[in-house]
Amino acid sequence: MPDRIHLTVATVVEKDDRYLMVKETKFGRQMINQPAGHVEPGEDILRAAVRETLEETGWDVSISGFLGISTYYAKSNGVTYYRMSFVARAINFNSESELDSDIDCALWMSLEEIEAEKHRLRSEMVLGCIEDYRAGRIFPLEIFRNEL
């Protein structure tokens, strides 16, 4: 059963009233998501969030807060996703960085643009994270006790 449980990380990155998002094609359909991906075995969770953001967008980020844990059951593949979402600050764009092969593009979107594309969001967790961020429901990173 462990192969049906996945730990993922995601980042909410805001700059100039726009959010860093990715367009990705999954199951033959283009969807919109935050930079997100799987935590690798033995990997520090905070480092995973930084790594996934860089691999999917080309942006170096600094994690500044924790938004919480969300769960999502994907009927399409029978997997339960446990998503740890973080607030991150954009530091530097790496123009030479190659995006993950399953990412169509990275882009900055306003909240209005994201809401208008609600039907294309990867899951309900995408907008939920932004709503938590906008409401200031951000936990300090000191709650993490990393030993990796």
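In the range 22-79, which residues are closer than 16 Å to F144 by Cβ and among the hydrophobic types (A, V, I, L, M, F, W, C)?
Within the range 22-79, V39, I45, L46, A48, A49, V50, I63, F66, L67, I69 qualify.
For the range 124-148, give me the residue count where each residue is without any contact (Cβ under 8 Å) to a residue 60 or more places away in the chain and within 19 Å of R83 (Cβ to Cβ). Show your work before the answer.
Start the filter on the range 124-148 by keeping residues that are without any contact (Cβ under 8 Å) to a residue 60 or more places away in the chain, which leaves 124, 127-128, 131, 134-136, 142, 145, 147.
Of the ones still in play, those that are also within 19 Å of R83 (Cβ to Cβ) are 124, 127-128, 131, 134-135.
Count: 6.
For the range 62-82, give me each residue that is at pLDDT 95 or above and either aromatic (F, W, Y) or in contact with a Leu (Cβ under 8 Å, 6 or more places away or on another chain) (or both).
I63, S64, G65, F66
Would you call L107 surrounded by fewer than 18 Cβ atoms within 10 Å (Cβ to Cβ) and at pLDDT 95 or above? Lay out the reasoning, then the answer.
Details: surrounded by fewer than 18 Cβ atoms within 10 Å (Cβ to Cβ): yes; at pLDDT 95 or above: yes.
Yes, satisfied.
Scan the strands (runs of 3 or more DSSP E) fully inside the range 20-126 and keep the ones with 2 or more residues being over 14 Å from A10 (Cα atoms) and touching a Lys or Arg at 6+ places or on another chain (Cβ under 9 Å).
Working: elements: 29-33, 36-38, 59-74, 79-93, 103-109.
Per the criteria, 29-33, 79-93, 103-109.
Go through (1) surrounded by fewer than 16 Cβ atoms within 10 Å (Cβ to Cβ); (2) closer than 18 Å to D17 by Cβ for C129 and report which single condition fails.
Status for C129: all satisfied but (1).
Here's a check for you: in the range 71-87, which residue that is in contact with an Asp or Glu (Cβ under 9 Å, 6 or more places away or on another chain) and surrounded by 15 or more Cβ atoms within 10 Å (Cβ to Cβ) is farthest from D16 (Cα to Cα)? Talk me through it step by step, then tell me what you get.
Just the residues of the range 71-87 that are in contact with an Asp or Glu (Cβ under 9 Å, 6 or more places away or on another chain), to begin with: 72, 79, 85, 87.
If we keep only those that are surrounded by 15 or more Cβ atoms within 10 Å (Cβ to Cβ) as well, we get 72, 85, 87.
On the way: Y72: 30, S85: 20, V87: 15 Å.
Among them, the one singled out is Y72.
The values are calculated or read from the model by the stated rules, or taken from the named source; none is laboratory data. All of these numbers come straight from a predicted model, not from anything done at the bench. Positions of Cβ are backbone-derived with ideal geometry, glycine not excepted, and every protein chain shown enters the neighbour counts.
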